1. Lys and Arg at +1, Asp and Glu at -1: add these up for the other residues within a Cβ distance under 12 Å of VAL158 and post the number.
2. Under a Cβ-Cβ cut-off of 12 Å, what is the net charge of the residues other than SER192 that fall near it, where Lys and Arg count +1 and Asp and Glu count -1?
3. Determine the relative contact order of the range 117-196: mean sequence separation of Cα pairs under 8 Å and six or more apart, normalised by residue count, in whole percent.
4. Could you please rank THR175, THR116, placing first whichever residue has the fewest other Cβ atoms within 10 Å of its Cβ?
Amino acid sequence: MSSLRPALALRTATVAALTTATAALFTLVPATAATAPAVSATPAVTTTPVSDAPVRNVASSSVAFATPAAAVAAAQTGASPAASRASAVQKALGKVGAPYRWGASGPSAFDCSGLTSWAFKQAGVSLPRTSRAQSAVGTPVSKANLQPGDLVFFYKPVSHVAIYVGNGKVVHASTSGQPVKIGNLNAMPFNSARRV
């Protein structure tokens, strides 16, 4: 009997975590009348709404953005474009500090389009390799309507790409001698943005 207790405790904890993660995913992807899931008689789960506001990681003094684990897992199976973008943001943020190297596409060094194509590939989305080619995929988005995970392009003609992370910030592999970093959206001449 005592040998079953750890297994039961693990199963209970796993079910609770999955229930919470599933509820958090539905706060990220609002249901519409056409796609609303059927409501069942299951116990209610209280969750904290997810925001795009950065959360300061005091230990490493880096910026993190909250994304439920279920959304990241859903992105890797192609569940929704919003979840894929959230996963790509997390993957790119995980490479902050990696060295810049022209022509590199990870996983240990990147140039600008190498970082974006690598991050989205990890989220199950295939992008062209160059910033100019990436500027032609997806749907155009105005600067005023940017959402985390949108690709942002700079200069004329396009010669640089970053991933918007929210709050006027982008994550990008900027230039030689600079590691992958979080920067201000307005620090470079904005060209266009696309949502994939």
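Only the coordinates and a few stated rules stand behind these numbers; no lab work does. Keep in mind that what you see is a predicted model, and the values were worked out from it rather than measured. Cβ sites come from the backbone with ideal geometry, for glycine too, and all protein chains shown count toward neighbours.
1. Here the charged neighbours net out to +3.
2. Numbers: positive: ARG132, LYS143, LYS156, ARG194, ARG195; negative: ASP150.
In short, +4.
3. 32
4. THR175, THR116
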